[in-house]
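Just so you know, all these numbers are worked out from the coordinates, no wet-lab data involved. Computed from a predicted structure; not experimentally measured. We place every Cβ from the backbone using ideal geometry, glycine too, and count neighbours over all the protein chains shown.
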Amino acid sequence: MLTAGAGNMYCGSCLQDNAVAAAMMAQGHDIVLVPTYTPIRTDDRNVSLDRVFLGGINVYLQQQFGFFRHLPTFLDRWLDSPRLVRWAVSKAAGTDARGLGPLTISMLQGSQGHQRKEIARLTTWLSRRLQPKLVHLSNVLIAGCVPSIKSKLQVPVVVTLQGDDAFLDELPVHYRETAIAEIRKIAKHVDVFLVHSEYYRRYMSEYLGIADHCFRVMPLGISTDLIAANRPPSSRAGTVGYLARMAPEKGLHQLVDAFLQLRQQSDRAEIRLRLAGWHGPAQRDYVEQCLQRLRSEAPDHFQFDGEIDRDAKSEFFRTIDLLCVPSPHPEPKGLYVLESMAHGVPVVQPRHGAFEELIGVTQGGVLFEPNDMQSLVAALSDLLGDHQRRKAMGERGRDQVLSHYSSGQAARFLWDLYGELIATPAPTAI
């Protein structure tokens, strides 16, 4: 399984890949989780290989300077060392897709792009060292290597789509259209595309122009090992939580607006807001503007935790009454929804993307109309004002997540699919 690291950020895709790979290992299966671009960062035991392929430093330098496309192997290995990549990422200002059009196209071109040496190194290592029966990539943006893998290894290839469109949509129009054309070429070599929701299956089938039958919906899976005993107290009231990347696309500003409006209601003046999540340099001003509003209008009624680890996350969920991440745009999965419900905390989420499916199955929360402040405020107010309903939703959601959305169950689904493809290779996606 090739997973794309997200630098120093906790990334939902990395967390999902690591949790499912760990579960497959625990079940006795032979799987290797291989980082690309950067080492992955998780809030659980990291089971990925301590090596990076298609290293972020190397692929960038090879894109910019022809000299680096001919470096000897020992220098390439040094540039790809996890320690050096982590250091470089810690000094970087962040990733802006708007400036990465040429690099994105080149990476998707694989053995025909400027990073052909890195593609050859990866495929050679796979064929000589691992000799896998199947290769699974965690997103399509690293899939330029798929035609080479298919040609050299002659094995089934699976690609998971889990937010790739968000990056592609930030590219200038010419680069986005070219990237999608390259992805359509790659799709001819892919046996199955995986998604985590019916919404995203329909959306990406149309977005990429890939036949609907080429997709399978894989349930999300979270690590529930340390969650089972964390049922929250039943006497808490009045705290709204936010736990996600702190960025406009997650709707932090909308929640701040809704919270301040709620406090104007006579029976909601004492509610509290607790915020947690990662943000990088590119989001610093945005986050500071949100916090400044809270300092000005509700200085004693909010808590800002910033980035938190797994232990702090459990403590976070024990102190809130409901979770709300009012994403303005439809999302393909939403791991934080499952994490909240697994801790017995109901959620208030917009009626779009994967949230409709998750809440429809679990009954662990309520939906509001997307980008509708009145609907959001009403949903928060109604749930905050009904302790018994919150408690019932929390218990229902928790039971459903532990029963149907554990990483162990996701691992069994995935392993069964692997076996099916290995035994009878599926028609490639065209």
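Legend: ranking of residues M341, M107 from fewest to most surrounding C-beta atoms inside 10 Å; resulting order M107, M341. Here H387 and Q131 are evaluated by their C-beta separation; at R0 = 51 Å the FRET efficiency comes out at 0.35.
Placing unit charges on each Cβ (+1 for Lys and Arg, -1 for Asp and Glu) gives the chain a dipole about its Cα centre, and among Q254, L168, A187 the Cα reaching farthest toward its positive end belongs to A187.
Which entries of K133/K188; K117/K150; K188/K333; K150/K333 have Cα-Cα distances beyond 23 Å here? Cα-Cα > 23 Å for K188/K333; K150/K333; rest within.
Taking amide H as placed 1.01 Å from N in the peptide plane, L273 has its amide H under 5 Å from the amide H of V240, F302, Q303, each at least 5 places away in sequence or on another chain. In a simple Cβ point-charge model (Lys, Arg +1; Asp, Glu -1; nothing else charged), the range 239-405 has a dipole of about 180 debye relative to its Cα centre. Seen from S407, the other residues with C-beta closer than 11 Å to its C-beta sum to a net charge of -2, counting Lys and Arg as +1 and Asp and Glu as -1.
Residue order for I57, I308, fewest other beta carbons within 10 angstrom first, comes to I308, I57. Compute the Rg/Rh shape ratio of the range 239-405: radius of gyration over Kirkwood radius, all on alpha-carbon atoms. Ratio value, two decimals: 0.93. Each residue of the range 385-393 is assigned a 3J(HN,Hα), and the resulting list reads x, 10, 4, 5, 5, 4, 4, 5, 5 Hz, derived from the Karplus form 6.51 cos²θ - 1.76 cosθ + 1.60 (θ = phi - 60°), x at Gly and Pro. Close amide H pairs (under 5 Å, H built 1.01 Å from N) link S406 with I222, residues at least 5 positions away or on another chain.
Using R0 = 30 Å, the C-beta based FRET efficiency linking A312 and W415 works out to 0.40.
If R0 is taken as 41 Å, the Cβ-Cβ distance between R263 and S403 corresponds to a FRET efficiency of 0.65.
Each residue of the range 22-31 was assigned a 3J(HN,Hα) from its phi angle through the Karplus expression (A = 6.51, B = -1.76, C = 1.60, θ = phi - 60°), giving 4, 5, 5, 4, 5, 7, x, 8, 9, 9 Hz with x at Gly and Pro.
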